[in-house]
Amino acid sequence: QGSVLAVGAVTLDELVRRLTPGVREATLGQQLALVSTAVGDSVPVRYAFEALSELKGARVSPAQLRKAGDPTLAEYLENYDRLLQSFGLMDSQDRRWQAAASVRESEWLQRFESVILHALCDPNPAELAILHNVVERLPGGGTVVLFNATANVRPTQFAEWTWQRFVHDEALSDKAFPEFVRSAGPSKELLERLFVFEANP
């Protein structure tokens, strides 16, 4: 999804957790299980999960679905919400909306001056709401850099940004890459220069 960078780098999920510390968010497995129960055998779970996630990310209510002529999907969404509530859990998209509403009251955000978002794809409405509110709250504002087909970002720039993040965090690269490309190995100096496009020889 991307990461929000300021004094220290945090992912968007970490930012959401910081803004909503007391929330019990349903894990991916729990969400899948609850969606499966909510829709029964009438729809493949994968498609139902994606549809409900998109609806929640766009903050579409069951009433709006009924008004649009889709009572079945409205019923699935109501069933899913009822199950979440009965277990005291919150959907990940609902938590993003709550995080967006919590930006103004967050004391943690006071330590930051500005924000930069590096995103691999277009944020959904819930994520955009978080970013909009954070940018408005911080005195230095913010910048959004989208690495997608519509952005004016060179593929080499994306590769350099991604690779340099692994180079600077050797523990991360040691977990993510096979041994022959790890930055801590004997080829460290060569690997660190692999995606650096400076004029220095």
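The values are calculated or read from the model by the stated rules, or taken from the named source; none is laboratory data. Everything quoted here is computed from the prediction, not taken from an experiment. Note that we place each Cβ from the backbone using ideal geometry, even for glycine, and neighbour counts take in every protein chain shown. All accessible areas refer to the heavy atoms of the entire protein, side chains included, with ligands and DNA or RNA removed. Shrake-Rupley method; radii C 1.70, N 1.55, O 1.52, S 1.80 Å.
Yes or no: Asp81 under 14 Å from Arg59 (Cβ atoms), without any contact (Cβ under 8 Å) to a residue 40 or more places away in the chain and surrounded by 18 or more Cβ atoms within 10 Å (Cβ to Cβ)?
Considered against the rule, which asks whether it is under 14 Å from Arg59 (Cβ atoms), without any contact (Cβ under 8 Å) to a residue 40 or more places away in the chain and surrounded by 18 or more Cβ atoms within 10 Å (Cβ to Cβ), Asp81 comes out as yes.
Considered as a group, the residues in the stretch 35-76 that are open to solvent by 80 Å² or more (accessible area, probe 1.4 Å) and touching a residue at least 40 places away in the same chain (Cβ under 8 Å) include one that is farthest from the chain's Cα centre (by Cα), and that residue is Thr37. Taking residues in the stretch 131-143 that are open to solvent by 40 Å² or more (accessible area, probe 1.4 Å), and partners anywhere that are of a type in the set (Lys, Arg), the pairs with Cβ atoms closer than 9 Å and at least 6 places apart or on different chains are Glu136/Arg104; Arg137/Arg104.
Residues being assigned to a loop (DSSP other than H, G, I, E, B), open to solvent by 50 Å² or more (accessible area, probe 1.4 Å), touching a residue at least 24 places away in the same chain (Cβ under 8 Å) and among the charged types (D, E, K, R) are entirely absent from the stretch 85-105. Considering (1) touching a Pro at 6+ places or on another chain (Cβ under 9 Å); (2) under 30 Å from Leu138 (Cα atoms), the lone condition that Val23 does not fulfil carries the number (1).
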